[in-house]
Amino acid sequence: MNRRFEFAFAPAHRLPALIFGIRPRTAHVTVTEDELRVRFGPWCLVTPRANIATTEITGNFRWLKTAGPPHLSFSDRGVTFATNGERALCVQFLEPVAGVDPTRTIKHPGATLTVADPESLQRALA
């Protein structure tokens, strides 16, 4: 099994994403038999599927919290890989994983992913 999910780019998010090297060909989520892999321009997050605790469809995010590079939540260290503010899949991990920090020391308990079809990604991770 090797399924690829594209990010849904809203027009208002395209230029801020492009500035950081995030474009449709460099932003996607891949689900393999064993792993969840997120590529978001120069950033990546990889974790075993066995590390996924829960998933939830979410959305209605503000532009400032989603446009541009990945966003780190200061309250819980969660990471948002967003290309729109409409809909996303929030993935919670059993053990936090590295994602945006080049030294790989900041660990994220969850990731929010604005893929084009969050329901299909949710089913693929189930």
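Of Arg77, Arg49, which residue is under 16 Å from Phe5 (Cβ atoms) and charged (D, E, K, R)?
That would be Arg49, the only listed residue that is under 16 Å from Phe5 (Cβ atoms) and charged (D, E, K, R).
Checking Asp76 against (1) assigned to a strand (DSSP E or B); (2) touching a residue at least 12 places away in the same chain (Cβ under 8 Å); (3) out of contact with any Phe, Trp or Tyr (no Cβ under 7 Å at 6 or more places or on another chain): exactly one of these is not met. Which one?
(1)
With Val38, Val100, Val31, Val46 as the choices, which residue is in contact with a helix residue (DSSP H, G or I) (Cβ under 9 Å, 6 or more places away or on another chain), outside any helix (DSSP H, G or I) and of a type in the set (Val, Ile, Thr)?
When all the criteria are applied, what remains is Val31.
Restricting to the range 36-47, what's the tally of residues that are surrounded by 14 or more Cβ atoms within 10 Å (Cβ to Cβ) and free of Cβ contacts under 8 Å to residues at least 40 places away in the same chain?
Result for the range 36-47: 3.
What tally of residues in the range 67-108 results from selecting those that are within 13 Å of the chain's Cα centre (by Cα), open to solvent by 20 Å² or more (accessible area, probe 1.4 Å), more than 14 Å from Trp43 (Cα to Cα) and not polar (S, T, N, Q)?
Qualifying residue count, the range 67-108: 2.
When Asn84 is evaluated against the numbered criteria (1) assigned to a strand (DSSP E or B); (2) closer than 12 Å to Leu113 by Cα; (3) touching a helix residue (DSSP H, G or I) at 6+ places or on another chain (Cβ under 7 Å), which criterion, by number, is the only one it fails?
Of everything listed in (1) assigned to a strand (DSSP E or B); (2) closer than 12 Å to Leu113 by Cα; (3) touching a helix residue (DSSP H, G or I) at 6+ places or on another chain (Cβ under 7 Å), Asn84 misses just condition (1).
Of all residues in the range 19-34, count the ones that are of a type outside the set (Val, Ile, Thr) and either surrounded by 14 or more Cβ atoms within 10 Å (Cβ to Cβ) or in contact with an Asp or Glu (Cβ under 8 Å, 6 or more places away or on another chain) (or both).
Summing the residues that are of a type outside the set (Val, Ile, Thr) and either surrounded by 14 or more Cβ atoms within 10 Å (Cβ to Cβ) or in contact with an Asp or Glu (Cβ under 8 Å, 6 or more places away or on another chain) (or both) in the range 19-34 gives 5.
The values are calculated or read from the model by the stated rules, or taken from the named source; none is laboratory data. This one's a predicted model, so the numbers in the text were calculated from it and none came from an experiment. Every residue, glycine as well, gets a Cβ built from its backbone with ideal geometry; the counts of neighbours run over all protein chains shown. In case anyone asks, the SASA skips ligands and DNA or RNA and just uses the protein heavy atoms, side chains included. Shrake-Rupley method; radii C 1.70, N 1.55, O 1.52, S 1.80 Å.
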